[in-house]
Amino acid sequence: MRTKKPKSKTISMDKIKFTFYGDLLGISNLYLIDKAIAYQKLDQFYNDVYHYFHQFSRTFTTTELDIFLFSDSLFITGAKFETALSHLARLYYDLFAKQIFLRGVFVCGRLDFDPRITVRNLKKMLPKTDVLYRAITLEKTVKGARLLIEKELAKKILPNEWLTDELYQKNVVKINYPHDDIRRKIVLHKEWKSYEYLWPWSDGIGIHGVDIDSAMAMIMNPQKALSKLKTRVPSLVEEHYDETISLFTLSKIRRDITDSAFVKLRKKPKTP
């Protein structure tokens, strides 16, 4: 079978201007129980973000990659989209193993602020464009630990032959990308308002800052672990668990489709 290069997708994924906005799910409910418990979750979140992103302060300028943490929210903006996405996937999985759920979205465009006169105790952060509005609005449309990608941004990097599930199944190996290429993990969200990145489809994810035994149940059988946990959470939080279970199921389906196509390709006799 001949493979072909994707059409009109020559732009480097690390030259695409983007903004990521995400926040933790369920933190307000934890504050209703005990502020110390909520603080511990936030402290772990901050430590994990630092663990995965601090090295870029030495390799990238703030124009290329700039990161903000405020309360339970994470903002990443710049032009290193592929770098940010791959490290966010690791962060998502690491947090998940610790029962911390992040929901977020990538949109096109940098988050830039209008220069304003400020004083020592008054800082003005007026966004120049609608980037932040689009990110926050889209993020609120889904439940669960999702990692959404705005349609405009997804179409910049996906081959036209992979824009829907049906097209992907027909063209799994017809596009000459590696088996583990991040574009294979981008699917159209079921509401068709955006795409999403299947972060559970990951290999070699390391969990740090926690006893590995306590995270094994979440890693080895996430659907079963989530099904047990959701029986002891408020109804609004339960919906987040259900959607995260669906995400793991969808990730397995996409990975199985990809694995099967590559197995068939290897078995197919080569034509002279």
For GLU161, project a label point 7 Å along Cα to C-beta. Then give me every residue of the stretch 175-200 with its amide nitrogen under 16 Å of that point. 175-181, 183-185
Springs between alpha-carbon atoms under 10 Å, Gaussian network over the chain: tell me which of ALA217, ALA135, ALA84 tops the mean-square fluctuations. ALA217
What does the charge add up to near ARG103, with Lys and Arg as +1, Asp and Glu as -1, over the other residues with Cβ less than 14 Å from its Cβ? -4
In sequence order, what are the phi-derived ³J(HN,Hα) couplings for the stretch 74-90 according to the Karplus relation 6.51 cos²θ - 1.76 cosθ + 1.60 with θ = phi - 60°, rounded to whole Hz, with x for glycine and proline? 10, 10, 10, 9, x, 10, 9, 5, 4, 4, 5, 5, 5, 6, 5, 4, 5
Within 10 Å of each residue's Cβ, count the other Cβ atoms and sort TYR52, TYR197 from fewest upward. TYR52, TYR197
Gain in span if fully extended, THR249 to LYS193, counting 0.36 nm per residue against the direct Cα distance: 18.2 nm
Whole-Hz ³J(HN,Hα) from phi, Karplus 6.51 cos²θ - 1.76 cosθ + 1.60, for the stretch 181-193, glycine and proline x: 4, 5, 5, 5, 9, 9, 10, 6, 5, 4, 7, 6, 8
Determine the relative contact order of the chain: mean sequence separation of Cα pairs under 8 Å and six or more apart, normalised by residue count, in whole percent. 22
Local charge sum around THR59 (other residues, Cβ-Cβ under 15 Å, Lys/Arg +1, Asp/Glu -1)? -2
Please list the non-local residues whose amide H lies under 5 Å from the amide H of ALA145, H modeled 1.01 Å from N, same-chain partners needing a gap of 5 or more. THR244
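The numbers here are math on the coordinates, done by the rules we state, and not lab data. Keep in mind that this is a model prediction, so the values were computed, not measured. A quick note on method: Cβ atoms are made from the backbone with ideal geometry, for glycine too, and the neighbour counts reach across all protein chains shown.
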